[in-house]
Amino acid sequence: MSAISHRQLQVFVQLAQSGSFAEAAERLHLSQPALSIALGKFEQHIGGRLFSRTKRSVSLTPEGQAFLPVARRLLHDWEEAFSDLHNLFAMQRGKLTIAAMPSFANSLLPGVLSAFHRRWPQINLTVQDVVMERVIESVQKGRAELGVSFESERAEGMEFTPLFDDEFLMIMPRAHSLCAKDRLGWEVLAEHHYIAMNRGSALRSWCDRALANVGVQSSPVAEASQLSTVGELVSAGLGVAVVPALCKREMTRRGLECRPMEKGSGVRRVGVFRRSRASISIPAQACMELLSAYDWQAQLTTSS
């Protein structure tokens, strides 16, 4: 069967409602011959008559009566579908899922999403605050459209847009002897108990590499999979730890002292991951533009 057009459905429903070729043609802005041709083709497509015609009236056949509610529903669904599509492009509805490492999700991301929501309040936002490796995995598997994390060497099939540079901090309890120093080097970890992220994490690899570069062999007294847990272990007095500067506000709230590492101790780029060969939604495009235009230096200064 040939495809039935939206116009043919309109002709059928309007004629059924008006019972007059003249009135239906006027409402549809068609000539009566054009309306008759459209109806004839429609009936030819479906293989039977939908209307009984006389010189004075037109009425539905039993088949036409049965089809009328279906045709009305199809027209309603058609209009609703295109209205929904228009709203998606106009940012009047939709959703956006962002994966972000916790150090970014609980410090800088809320301000970005607040600005996004003020401009596009109809877009539903979901944040997946997961460790760096899970951020990349979430975007790769399509569970999130965008992911904010540190640049990674293991991000196959991903496009990375840098936002800003982040450095390392050493965190310690307030009464710790290292609080007297303004900056610290990796070598001090040879003399103090050290708390680290679990093996296999990117942060652990970076720290192990930095320690090896200065010839320090230091075995952690404790390991954790979340930076928040690392902070709690430091608060409990188990030792000191090295964390990204993004964590400074969180660690300060825990009552910890934060000291920057010496210059050259490591800088990591923070940015946005997206799948390189996949289109992203209009909301995701808008969020990318917002992230790229953000004054990160001012935000980092404020959060410090």
Legend entry - Unique match (being outside any helix (DSSP H, G or I) and in contact with a His (Cβ under 9 Å, 6 or more places away or on another chain)) among Leu96, Leu125, Leu169: Leu125
Legend entry - Enumeration of residues in the range 139-150 that are assigned to a helix (DSSP H, G or I) and either modelled with pLDDT of 95 or more or β-branched (Val, Ile, Thr) (or both): Val139
Inset, instruction - Give the residue, chosen from Val242, Val272, that is β-branched (Val, Ile, Thr), over 22 Å from Gly111 (Cα atoms) and not in a loop (DSSP other than H, G, I, E, B). - result: Val242
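Rundown of residues vs (1) touching a helix residue (DSSP H, G or I) at 6+ places or on another chain (Cβ under 8 Å); (2) over 27 Å from Arg118 (Cα atoms), yes/no style:
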| residue | (1), (2) |
| --- | --- |
| Ser219 | no, yes |
| Ser228 | yes, yes |
| Glu257 | yes, yes |
| Ser292 | no, no |
| Asp295 | no, no |
Legend entry - Hits in the range 18-42 (condition: buried (at least 17 other Cβ atoms within 10 Å of the Cβ) and part of a helix (DSSP H, G or I)): Phe21, Ala24, Ala25, Leu35, Ala38, Leu39, Phe42
Inset, instruction - Evaluate the range 160-167: report whether one residue or more is over 19 Å from Asn106 (Cα atoms) and under 13 Å from the mean Cα position of the chain (by Cα). - result: no
Legend entry - Search result, residues across the range 256-274 that are at pLDDT 95 or above and small (Gly, Ala, Ser): Gly271
Inset, instruction - Would you point out which residue out of Ser201, Ser218, Ser205 is surrounded by fewer than 16 Cβ atoms within 10 Å (Cβ to Cβ) and over 30 Å from Glu289 (Cβ atoms)? - result: Ser205
Inset, instruction - Sort out which residues of the range 4-29 are without any contact (Cβ under 8 Å) to a residue 12 or more places away in the chain and not polar (S, T, N, Q), and write them in order of number. - result: Ala22, Glu23, Ala25, Glu26, His29
Legend entry - Pick from the range 263-302, criterion buried (at least 16 other Cβ atoms within 10 Å of the Cβ) and over 18 Å from Ile98 (Cβ atoms), ranking: farthest from the chain's Cα centre (by Cα): Ser265
Inset, instruction - Look through the range 186-229, keep the residues that are touching a Cys at 6+ places or on another chain (Cβ under 9 Å) and among the hydrophobic types (A, V, I, L, M, F, W, C), and return whichever of them is nearest to Asp129 (Cα to Cα). - result: Leu227
Inset, instruction - Answer yes or no as to whether Met197 is among the aliphatic types (A, V, I, L, M) and assigned by TED's automatic domain parsing to the domain that holds Ser292. - result: no
Inset, instruction - Can you work out which of the residues in the range 172-205 that are of a type in the set (Gly, Ala, Ser) and part of a loop (DSSP other than H, G, I, E, B) is farthest from the chain's Cα centre (by Cα)? - result: Ala175
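The values are calculated or read from the model by the stated rules, or taken from the named source; none is laboratory data. Predicted model only: the values in this text are computed from it and were never measured. With ideal geometry, Cβ positions are generated from the backbone for all residues, glycine too; neighbour counts draw on all protein chains shown.
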